Each structure stands twice: as structure tokens, then as C-alpha cells.
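Structure, as C-alpha cells:
Taken together, the values in this text are just the output of simple stated rules run on the coordinates, not laboratory data. Quick caveat, the model's predicted, so the values are computed rather than measured. Here the Cβ positions follow ideal geometry from the backbone for every residue, glycine too, while neighbour counts run over all protein chains shown.
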Amino acid sequence: QVQLVESGGGLVQAGGSLRLSCAASGRTFSNYCMGWFRQAPGKEREFVAAISWSGSNTAYADSVKGRFTISRDNANNMVYLQMNSLKPEDTAVYYCAADPDQYGSSWLMYDYWGQGTQVTVSS
């Protein structure tokens, strides 16, 4: 069992930046691949970024590539999502997720989820 708690969301103007954090507890964090997903009102949950257990491999949705960066700190059981050049269409609840086997873009792959943190980008 892994418990995940996101933080760092908020209200920001278009063009601004935010850094989301996800604190993990429970099983050995470094054994888990991690992902960030988001869900806007009335829309399906969508993939944002993912990182392998070691941090050596990452993947991004085309919509955030070049603007967002996922990273992890296994010593402190943390994963981050640095979001730059934010756009109004980035407005959503952002979720952190963990999987012990692989990382990827399908939310169905991930076994553990945080409660989410709201990001609102004003135009």
C-alpha cells in the first residue's frame, strides 16, 4: 500500500508557473513508477507526465511537452511536477499516481492515487 498526498496547486495567471508536489508513504517509494494526471470539469482524466522508478525515463503528453517537467527525489519519497508557461486550458484537478510495475500514459495502469490538487489558470 502506498499513500499519496499532493500539494502546491492554486490560482495563477496565464504564463505563470507552479510546482506540484506529491508526498508518498508506505511501501518503498523507489520501487514505484509515478505519474501525474489531470481532470477538468466534464472531461475525462488525462495523462500529463510519468517517470520511471529510477527517474532515468520520463514521458509527457504532447500538450505539456516543453512546458512541464516531472522529477522525483527517492531519498525523500517525493515526486514533483514543475509547470511553466501555464495556459487556461491547464486548469484541472491534478492527481499523483503510483504503480509498482511500469509507467505509462494510461490511468488504468496505476494502482494508487492521491486526492488531487486544484490548479486554476486565469486568462
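With the Cα gyration tensor of the range 74-123 in hand, give its eigenvalues times 5 under a square root as the equivalent ellipsoid semi-axes, listed largest first in whole angstrom.
So the three semi-axes of the range 74-123 are 24, 14, 10 Å.
Using a Gaussian network for the chain with springs between C-alpha atoms less than 10 Å apart, which of these wobbles most: Ala50, Ala97, Ala40?
Top of the fluctuation ranking is Ala40.
Multiply the residue gap between Leu11 and Ser56 by 0.36 nm, knock off their C-alpha separation, and tell me the result in nm, one decimal place.
Result for the pair: 13.1 nm of gain on full extension.
Can you find, among Met78, Ala97, Trp113, the residue farthest towards the positive end of the dipole of the range 59-123? Put +1 on the C-beta of Lys and Arg, -1 on that of Asp and Glu.
Final value for the positive-end residue is Met78.
What is the magnitude of the charge dipole of the chain about its Cα centre, with +1 placed on the Cβ of each Lys and Arg, -1 on the Cβ of each Asp and Glu, and no other charges, expressed in debye to the nearest 20?
In total the dipole reaches around 220 debye.
May I ask for the Kirkwood hydrodynamic radius of the chain, worked out over all distinct Cα pairs and given in angstroms to one decimal?
For the chain, the Kirkwood estimate is 14.1 Å.
Okay, which of the range 4-18 sit inside 20 Å, backbone N to the point 7 Å along the Cα-Cβ direction of Gln118?
5-18
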